[in-house]
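First comes the structure, then the notes that go with it.
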Amino acid sequence: MTSSKGSNNIDSSHSNIATEQAIEALRQHTLTIWWRFTVGVWLTIGPLTVWQLRAEIGLLLDYFTWTSVYYGLKYNFLGALGFFTCVGLATTLLVRELRHLTLGISAIERQRLESQLAQIRRQGPSHPLWSLVNRS
């Protein structure tokens, strides 16, 4: 015979597991969006950056020095902006994922995901991510 108190513990445990799974699903969804965005930037801005820096790249292939890298980026604003955008996005994404793998979800990220989950649950089935967080 089970008491109602034991049943509540099982229900709250199931609810906690469901919440954790929903938070991880939201985190994975966000990560997927960031990867797609980063790849999109590399595929659009990356080639334009290479084209903008083609003369400097040719010079670097012949005579590589760090000074030529510095001046090549310093005097080609659009090329440098595209280069640092691509490299910065990729580096940020990789560092964030590495930090997550080693340390887990940070408190700030957990709070953001919990508030996003609460918003999805408040809105109900009309929210686009409803099916993502309510998998059975």
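The values are calculated or read from the model by the stated rules, or taken from the named source; none is laboratory data. Here the structure is a predicted model, which is why all the values come from computation and not from measurement. Quick reminder, even Gly has a Cβ in these numbers, built from the backbone with ideal geometry, and neighbours come from all protein chains shown.
Close Cβ contacts (under 8 Å, 6 or more residues apart or on different chains) running from residues in region 18-41 that are under 15 Å from His100 (Cα atoms) to residues that are among the polar types (S, T, N, Q) and surrounded by 12 or more Cβ atoms within 10 Å (Cβ to Cβ) comprise Leu26/Gln116.
Has region 66-88 got any residue that is in contact with a Lys or Arg (Cβ under 8 Å, 6 or more places away or on another chain) and modelled with pLDDT of 90 or more?
Within region 66-88, one or more residues are in contact with a Lys or Arg (Cβ under 8 Å, 6 or more places away or on another chain) and modelled with pLDDT of 90 or more.
Pairs linking a residue in region 48-76 that is of a type outside the set (A, V, I, L, M, F, W, C) to a residue that is surrounded by 10 or more Cβ atoms within 10 Å (Cβ to Cβ) and not in a helix (DSSP H, G or I), with Cβ atoms under 8 Å and 6 or more positions apart or on different chains, are Gln52/Asn76; Glu56/Asn76; Gly72/Leu53; Asn76/Leu53. Gln123 satisfies every condition listed in (1) out of contact with any Leu (no Cβ under 8 Å at 6 or more places or on another chain); (2) in contact (Cβ under 8 Å) with a residue 40 or more places away in the chain; (3) part of a helix (DSSP H, G or I) except (2).
Taking region 100-128 as the range and being among the β-branched types (Val, Ile, Thr) and under 16 Å from Glu24 (Cβ atoms) as the test, the residues that pass are Ile105, Ile120. Taking the criterion of being outside any loop (DSSP other than H, G, I, E, B) and touching a helix residue (DSSP H, G or I) at 6+ places or on another chain (Cβ under 7 Å), the residues of region 75-96 that qualify are Leu78, Gly79, Ala80, Gly82, Phe83, Thr85, Cys86, Leu89, Ala90, Leu93.
So, of the residues in region 80-136 that are of a type outside the set (A, V, I, L, M, F, W, C) and closer than 29 Å to Leu48 by Cβ, which turns out to be surrounded by the most Cβ atoms within 10 Å (Cβ to Cβ)? Let's see the steps before the verdict.
Keep residues of region 80-136 that are of a type outside the set (A, V, I, L, M, F, W, C), which gives 82, 85, 88, 91-92, 96-97, 99-100, 102, 104, 106, 109-112, 114-116, 119, 121-128, 131, 134-136.
Narrowing further to those that are closer than 29 Å to Leu48 by Cβ: 82, 85, 88, 91-92, 96-97.
Working: Gly82: 22, Thr85: 15, Gly88: 12, Thr91: 12, Thr92: 12, Arg96: 14, Glu97: 13.
Only one residue fits best here, namely Gly82.
Only one of the numbered conditions (1) out of contact with any Cys (no Cβ under 9 Å at 6 or more places or on another chain); (2) within 27 Å of Leu31 (Cα to Cα); (3) of a type in the set (S, T, N, Q) is violated by Thr49, and that is (1).
Taking Val41, is it part of a helix (DSSP H, G or I), loosely packed, with under 15 Cβ neighbours inside 10 Å and of a type in the set (Val, Ile, Thr)? Before the answer, list the steps.
Working: part of a helix (DSSP H, G or I): yes; loosely packed, with under 15 Cβ neighbours inside 10 Å: no; of a type in the set (Val, Ile, Thr): yes.
So Val41 does not fit the description; no.
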